[in-house]
Amino acid sequence: AAIIYYAAVIRSSRDPHLVTPGEKNEAAGRVERIIRAAALLENNRIDEAIEIYRSLVQDDPRDASSYRNLAVATVAKVQDQAKKVNELAQIDRASEETRAARQALADWFAIADESVRKTIELQPQDAAGYQLAVELVLQRIDQQPKALADTNRRELMERIAGYLKTNPNNAYLASAMSDLLESLGGSREGWEQRTIDALTAAVEHQPRNLY
């Protein structure tokens with residue numbers, strides 16, 4: 001009940017004593033939808049979770065947490081669809097089913113990109129948005145020929161370096177940079193020390209949180 005009341009106060013932007021019963025009921029319904037969507041996502045019912053998160057965003061476009069949850073769900077959908085594409089491609093890369101799955105993956109990439117972009121826009125200090133952005137690029141790289149993938153890995157390292165300026169102690173970002181450097185043969189001039197510095201900062205900040 002306290003959570004519902006607090007949500008009503010936040011959404012009303014008024015004195016808590018002025019929150020109406022209708023606003024409390026609205027907030028209660030919103031909390032129930034958030035809980036349901038999280039449960040659906042946890043049970044891999046991604047499409048259903050996405051629909052709820054979309055409705056929450058439509059109800060309150062200012063709510064950064066709803067955009068973040070939508071971004072998490074759509075990135076999960078990209079991962080799920082990419083797995084389906086890979087499985088179909090192993091059977092027949094040129095089949096109609098495989099082509100349709102690839103097109104669906106491209107569509108989900110676009111949807112996830114927008115959700116992640118909005119998440120970062122609304123909460124630029126929240127590391128979650130940057131982590132999701134990196135995960136999306138990594139998913140794209142997995143679908144690309146090696147030459148193009150290596151180019152995008154180098155570009156992603158530059159993006160991560162920029163993200164680390166906002167989140168200098170982020171273990172996920174530091175580890176992603178390290179993995180990318182290793183995948184490129186560890187031969188990029190100057191990047192070895194930058195990666196070591198990022199990993200060191202992450203370990204010193206949260207020694208148990210290194211991926």
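The values are calculated or read from the model by the stated rules, or taken from the named source; none is laboratory data. Quick caveat: nothing in here was measured; it's all calculated off a predicted structure. A quick note on method: Cβ atoms are made from the backbone with ideal geometry, for glycine too, and the neighbour counts reach across all protein chains shown. Heavy atoms of the whole protein, side chains included, go into the accessibility calculation; ligands, DNA and RNA do not. Shrake-Rupley method; radii C 1.70, N 1.55, O 1.52, S 1.80 Å.
Length available on full extension from ASP92 to LEU184: 0.36 nm per residue minus the Cα-Cα distance, which gives 30.2 nm. For segment 36-138, with all protein chains present and a 1.4 Å probe, just round the carbon and sulfur fraction of the accessible area to a whole percent. Accessible surface attributable to carbon and sulfur in segment 36-138 totals 48 percent. Annotation: peptides 32-39, 101-108, ranked by per-residue average of other Cβ atoms within 10 Å with the highest first, follow the order 101-108, 32-39. In terms of the mean number of neighbouring beta-carbon atoms within 10 Å, the peptides 83-91, 62-70 order highest first as 62-70, 83-91.
Using the Cβ-Cβ distance between ALA38 and ARG99 with R0 = 35 Å, the FRET efficiency computed as 1/(1 + (r/R0)^6) comes to roughly 0.55.
Per residue, how many Å² of accessible area does segment 39-139 show with a 1.4 Å probe?
Working: 5130 Å² over 101 residues.
About 51 Å² of surface per residue is accessible.
Here the convex hull built on the C-alpha positions of segment 131-211 has a volume of 80 cubic angstrom per residue. A Förster radius of 30 Å, combined with the Cβ-Cβ distance separating ASP80 from GLN206, puts the computed FRET efficiency at roughly 0.55.
Every Cα-Cα pair in segment 54-141 was counted, and those over 17 Å apart are 49% of them.
Can you run the Rg to Rh ratio on segment 64-211? Use alpha carbon positions and the Kirkwood inverse-distance Rh. Rounded to two decimals, Rg/Rh equals 1.01.
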